[in-house]
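The values are calculated or read from the model by the stated rules, or taken from the named source; none is laboratory data. Remember, it's a predicted structure, so these values are computed and weren't measured experimentally. Ideal geometry is used to build each Cβ from the backbone, glycine not excepted, and the neighbour counts take in all protein chains shown. The accessibility values were calculated without ligands, DNA or RNA, using every heavy atom of the protein model including side chains. Shrake-Rupley method; radii C 1.70, N 1.55, O 1.52, S 1.80 Å.
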Amino acid sequence: MVSAEKPDRPLEPDPEELRNLLDDCVSFAVEHIRTLPEQPSFDVTGAKQLALTFNEPVPESGEPLETVLERLRPAFAKSFTTAGPGYLAYIPGGGIPAAAAADLLACATNRFVGVSAAAPALVQIEATVIQWLTSLMGCPPGWGGILTSGGSIANLTAIVAARTARLPEDFLSGVIYLTQETHSSLIKSARIAGFSDRNFHWIPVDSRLRMLPDALEEAIRQDRARGLSPFLIVANAGTTNTGAVDPIPDLVETGQRHGLWVHADAAYGGVFRITREGEALLPGLPRCDSITLDPHKGLFLPYGTGSLLIREQEWLAKALRVETHYLPDPSAAEGIPNYTEITAELSREFRGLRVWLPFKLYGVRAFRQQLEEKLELARWAYRELKDDPHFEMLDEPQLSIVAFTARGMGRDRDSLGAEILRRVNERRRVFLSGTRIDGRYVLRICVLSFRSHRERVEEAVVALKEEARSLAGE
Ligand SMILES: Cc1ncc(COP(=O)(O)O)c(C=O)c1O
């Protein structure tokens, strides 16, 4: 709303107006977070009609914040409660409030971090975050990387780096090795990078849904013999469906033997490397050429925070650097990364602060403790469901995902599984999601939010057992 006293500066609140604006938003956020445990795990009843009310023309004049916030309240309510403790669907994260505070500072100061000379110390904060992430993954000094909007763009950037490093300019004979469990973003990324379906070679998996190294070796040999150019192996370090971890050391050895780039998609799973069992859970990760790691998953940050870590950052520069004459000279900030030269972006948000502030406030120890709890909760849920006659487990959790099917008991097991999941979700205390693997309907519990603890996972398990029994007429 334009203040009557300063019609010539309608967009600049005075300090008191600014404080009121921020205070009201802070109160809104605090109240939202305070009530998360009681909020339904999802509520989209009437959400489509509500959505239509937001399809409106651009307003010519403003309204008071109070009115606008009231308008927003139901829009937040009518959604999946992704930040709540009961969100055990897809890949959760939660969104720790300290990151929201960092975003407030980043947006309010609005410094430019796309070029190093414009804010050297702030750019260094982001570079330091990358160093922290590489060291947490066990990578040796010298690794670099970038923060991205998420795992999809990190995977895209990795494909472009690998293509530049391993293929000639005419790259259409390149072959990418992946499995049925590889995340869809890799397929999209490959398409954006100029490849098509004929550039994929799908490698079979074992009974735990992990790539078979012998089949990979054979595929590379055959493709070479056919005159193709094998260049990239995508290793899953925690698949989205079940958290399966490919045999990365074997894949790295194959990659090195044949001169291929090995990219680990550790968007979900990589963070478990910081737990005490980390190396055993994710062996070989630091031996890859690049790693996608999503802080907006296992570091519990808000959506919009991914990263690509890379053994030789220079490959990003070789792929992306363009000479310009209108940007500040980076030599003034020598030694600090000039992000416009190694990312697809020029203007960009200050994602570094969103990662840096929580680490500074809580230390790695807090994250490690949370992640160890998630591993333990998934194992606990697995043990509970394994002994229940209504369920058949796909596998022991390799990380923090429990995947299982319903036992048919005379009924079609896929539709029974979907019905159990629907009924569990309808209780609105937890929210689970299903998937299809080898044609079968699979239920899954993904424990990853920093707000999900034993009592809520227990509620999920109890609800699953009760609904399965009730559908079996017991
Ligand atoms: C294994 C894996 N890779 C990549 C992605 C894509 O990440 P984003 O949604 O951040 O783009 C996901 C998302 O769930 C994932 O689980």
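Assorted remarks:
- Looking across the range 214-248, the residues that are among the polar types (S, T, N, Q) and under 23 Å from GLY439 (Cβ atoms) come down to ASN236, THR239, THR240, ASN241, THR242.
- In the range 160-168 there is no residue matching the filter, namely being within 15 Å of the ligand (Cβ to nearest atom), of a type outside the set (D, E, K, R) and touching a residue at least 24 places away in the same chain (Cβ under 8 Å).
- For the residues ARG287, ARG208, ARG221, ARG226, the requirement of being open to solvent by 40 Å² or more (accessible area, probe 1.4 Å) and either among the β-branched types (Val, Ile, Thr) or touching a residue at least 40 places away in the same chain (Cβ under 8 Å) (or both) singles out ARG208.
- Taking first residues from the range 249-270 that are farther than 20 Å from LEU301 by Cβ and of a type in the set (Ser, Thr, Tyr) and partners that are within 16 Å of the ligand (Cβ to nearest atom) and at pLDDT 95 or above, the Cβ contacts under 8 Å between residues at least 6 apart in sequence or on separate chains come to THR254/ILE233.
- Flag for SER135 being open to solvent by 20 Å² or more (accessible area, probe 1.4 Å), within 14 Å of the ligand (Cβ to nearest atom) and not β-branched (Val, Ile, Thr): no
- Condition met for LEU301 (within 13 Å of the ligand (Cβ to nearest atom), within 23 Å of GLY95 (Cβ to Cβ) and in contact (Cβ under 8 Å) with a residue 40 or more places away in the chain): yes
- Selection of strands (runs of 3 or more DSSP E) fully inside the range 299-416 by the criterion of at least 1 residues being surrounded by fewer than 19 Cβ atoms within 10 Å (Cβ to Cβ), of a type in the set (A, V, I, L, M, F, W, C) and on the phi < 0 side of the Ramachandran plot returns 391-393.
- Filtering the range 247-266 to residues that are open to solvent by less than 10 Å² (accessible area, probe 1.4 Å) and over 13 Å from ALA162 (Cβ atoms) leaves ILE248, LEU251, VAL252, THR254, ALA266.
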